[in-house]
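The values are calculated or read from the model by the stated rules, or taken from the named source; none is laboratory data. Quantities reported herein were computed from a predicted structural model and do not represent experimental measurements. Virtual Cβ from ideal backbone geometry, glycine too; neighbours counted across all protein chains shown. Surface accessibility is based on the protein's heavy atoms, side chains included, excluding ligands, DNA and RNA. Shrake-Rupley method; radii C 1.70, N 1.55, O 1.52, S 1.80 Å.
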Amino acid sequence: MALFDLPLDELSEHRSTSVAPDDFDAFWSNTLQEAREHDLGARFEPVDAGLSTVDVYDVTFAGFGGHPVKGWLRLPAGATEPLPLVVEFVGYGGGRGLAHENLLWASTGRAHFTMDTRGQGSAWGGGGGTPDPVGGGPAYPGFMTRGIEAPENYYYRRVYTDAVRAVEAARSHPLTDAARTVALGASQGGGITIAVGGLVPDLVAVAPDVPFLCDFPRATTLTDRHPYREIALFLKTHRGRSADVQRTLSYFDGVHFAARGRAPALFSAALEDQTCPPSTVFAAFNSWAHGDKTIEVYDFNDHEGGGPYHEAAKARWLRSYV
């Protein structure tokens, strides 16, 4: 499908109709406080990945509920001083992959931490290894409706908490510089990045690409492509539950985390993106609170967005911050 969403001049002004719950900040403060009652317990075990320019560590740390979450830490080989830190979150259905994958950021001379996403890692890439031990109510197959009956039970409460703890775990390694930490990711990883940007107060920059999990009221009625479609299919069966579902989703909407963003930001959007429609991305971008923000727009791209072109743009942009 060619251009199907708002024209670019209207995108630049678009605001979500989603309203942040009155207890949004208290909900997240309490959630993170509960998670921090568990010892972070970050472990870094060297891995022989057959690489000569990058050292890789298999990481385990305590996420939501103290549950073990996996990750990779990649460092330029032979590093001896603390390095700027890039924390990356991955797209829907993917996992942290294999030890030898995803070498870009370590190759730029930075420490690079990739978080595994609990319960995912079986749809593409090199897989993942973090289970989600928490059950939930009835859900449409996928992750978007797991625990959607209440914010306390919702799947992304666990994932966003894991992500904050991932930043803490990565910062705990002696060769990472906590004062120079960046968060980034694409699609679901971009949505998680926005959440982290609103929950972690001292990041130096964030870079969400074609982010998912933003402007739920519009996304769930504009596109019929998965994963947003999972919510509509759940409501197709559970008639009359729309208000309850939208209330739950309001605690996880990227636009509300964006309104609390306290770091410079580089977003990207693709105008033919039916998976994460550009208006939903602009809703988060337009809400981003920090004044130093930029969005790269890829006119004729679907959800692949800028791909390697945007990777180069991010690498150039990050030089100003780390």
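Remarks
- Label assignment, Cα extents along the principal axes in Å derived from the structure, set (1) 89, 50, 35; (2) 71, 57, 32; (3) 57, 41, 34: (3)
- In straight-distance terms, cross-link reach from residue 70 covers every one of the lysines whose alpha-carbon lies under 28 Å from its own, apart from those fewer than eight places away in the same chain; here that gives 314.
- Point-to-point label distance, residue 202-residue 179, nm (Cα→Cβ direction, 7 Å offset): 0.9
- Sorting 241, 96 on solvent-accessible area from highest to lowest, probe radius 1.4 Å, gives 241, 96.
- Our summary gives the chain a relative contact order of 18 percent, counting only alpha carbon pairs under 8 angstrom and 6 or more residues apart.
- When DSSP beta bridges are restricted to pairs lying wholly in the chain, around 45% turn out antiparallel.
- Residue of 239, 180, 165 that the Gaussian network model of the chain assigns the largest fluctuation, springs spanning Cα pairs under 10 Å: 239
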